[in-house]
Amino acid sequence: MSGALPGDPPGNPDERDALAGEYVLGTLDARDAARVTAALANDTALRQAVAAWERRLAPLSALAVPQAPPEGLWQRIEAALAPVAARPAPRRLGIWQFWAIGATLAAAAFAGVAYVPRAPAPRMMAVLVTGQSQPAFAAEVMPSGGLHLAAMTSMAGTRPQAPAGRQWELWGQAPGAAAPTSLGMIPMHGSTVNIATPAVQPQKNMLIMISVEPPGGSPTGQPSGPVVFFGRLMPAGNT
Amino acid sequence: MATGAGGAEAEGLGALLVRVAAGDRAALRAVYVRQSTRLFGIAMAILRDRSAAADVMQDAFLRVWQRAGQFDAGRGDASVWLSSIVRYAALDVARRRGREMPSDDPDLGDRPVDADALDLLAAAEDGARLRACLDRLEPNNRQGIVLAFVHGLSHPEIAARLALPLGTVKSWIRRGLMSLRECMS
């Protein structure tokens, strides 16, 4: 048995198979589930045990009642894929939206209060993972509204690096938005970087992505290379 | 191994994933058209929140897009592979929010484990054997396993729901899994 999990009795196949079963069943807490996820990358036997449990229990999925997803979900997914098509024309604001904005401003003016654009935001964090669910970056919303990125060291002791001659670009997609918006290039010297995001207020449930782009950024205004890391901003402290 | 659920349909799905791995977006869309209703149902059973389930679907399809190359059509069933990705993504969200959803939600009911629901299981290909093995477990144990797998309930939530001590639930579920493994081998 290769790569015993930290904290597990070494060489106890029954214990490990039970752990794999509970992982698939979903009853492990966040810490134990993350440990199993991390171990899967390098542990063939554990991977096989998990796959066997997935096969055994899969028929239970038939008990979940099928439901049509919300309209427009495919468009959201497609927009996050690395579209090559031109950016869609900006949506025109309807008269009611103008009315609503005008009414809000008028109300603020009438009340004679200063318009405060940003309420104090709760701490918001995301763990950006690779396609193999390996954590690569921690992203935290800074009090100024920008993002603080910290590269995480992998189990193999390496830090994520952009391919030679390419750069990373950071993207944010608000919940329900049809397409991601560029938050800027990631100038990675050392292991942390702060990125100001004047155009976008990072918010809860925003999908944060990092794509591989030519130097200077995507020529299309949308991710043009593969999205290599992604995660969702969530209020910190309730993991 | 013989491909499980779906026969020709599942084979088609495996072939689509091979195209997805080569970067074919039309193939990913075809996977979405075929599977999104089933997969959204799986996410909804765990999260019971359409907006959170939609976010999970988006994350899951991004993973499918990136990881389709890891799917081995010779060894696995494409629909199982897809539902696993959606379940793990939904479980991560449920854990992050502390699984704060009320476990006395009437939608959970006892429906998933009543006779009609288990008939659904028997109707699914490969489901008959699992059903026969689940039938050999004690009812509370069977219900705990279904509540965990289908509705993403944690050990403490299952304990609260079945009005049993936490330690009892943990060891029962573990024993239940081991007995399922033996019964299905």
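The values are calculated or read from the model by the stated rules, or taken from the named source; none is laboratory data. Fair warning: this is a prediction, and the values are worked out from it, not measured in the lab. So basically every Cβ, Gly included, is an ideal-geometry build from the backbone, and we count neighbours across all protein chains shown.
Among residues that are buried (at least 22 other Cβ atoms within 10 Å of the Cβ) and either at the interface with another protein chain (Cβ under 8 Å from one of its Cβ atoms) or more than 15 Å from the chain's Cα centre (by Cα) (or both), B:Asp55 is included. Of note, A:Glu71 does not satisfy the criterion of being within 7 Å of chain B (Cβ to nearest Cβ) and among the acidic types (Asp, Glu). Counting residues in the stretch A:47-65 that are within 20 Å of the chain's Cα centre (by Cα) and more than 8 Å from chain B (Cβ to nearest Cβ) gives zero. The single condition among (1) within 24 Å of A:Glu71 (Cβ to Cβ); (2) in contact with a strand residue (DSSP E or B) (Cβ under 9 Å, 6 or more places away or on another chain) that A:Ala178 does not meet is (2). Just one of the listed residues (A:Ile77, A:Ile101) is in a helix (DSSP H, G or I) and modelled with pLDDT of 85 or more, namely A:Ile77. Would you say A:Pro163 is more than 14 Å from chain B (Cβ to nearest Cβ) and surrounded by fewer than 17 Cβ atoms within 10 Å (Cβ to Cβ)? Criteria met by A:Pro163. When A:Ser211, A:Ser144, A:Ser218, A:Ser182 are checked against the criterion of being over 18 Å from the mean Cα position of the chain (by Cα) and buried (at least 16 other Cβ atoms within 10 Å of the Cβ), a single residue qualifies: A:Ser218. Within the stretch B:171-185, the residues that satisfy the criterion of being more than 8 Å from every other protein chain (Cβ to nearest Cβ) and of a type outside the set (Gly, Ala, Ser) are B:Trp172, B:Arg175, B:Glu182, B:Cys183. The set of residues in the stretch B:24-45 that are in contact (Cβ under 8 Å) with a residue 12 or more places away in the chain, within 22 Å of A:Phe230 (Cα to Cα) and either more than 7 Å from chain A (Cβ to nearest Cβ) or acidic (Asp, Glu) (or both) comprises B:Leu28, B:Val31, B:Leu39, B:Ala43.
Of the numbered criteria (1) buried (at least 20 other Cβ atoms within 10 Å of the Cβ); (2) β-branched (Val, Ile, Thr); (3) more than 26 Å from A:Pro135 (Cβ to Cβ), the one A:Thr27 fails is (3). Annotation: B:Ala148 fulfils all but one of (1) modelled with pLDDT under 90; (2) under 22 Å from B:Leu39 (Cα atoms); the unmet one is (1).
For the residues B:Ala68, B:Ala21, the requirement of being buried (at least 23 other Cβ atoms within 10 Å of the Cβ) and either closer than 20 Å to A:Gly225 by Cβ or polar (S, T, N, Q) (or both) singles out B:Ala68. Between A:Met185, A:Met234, A:Met152, the distinction of being of a type in the set (A, V, I, L, M, F, W, C), without any contact (Cβ under 8 Å) to a residue 40 or more places away in the chain and within 25 Å of B:Ala89 (Cα to Cα) belongs to A:Met152 only.
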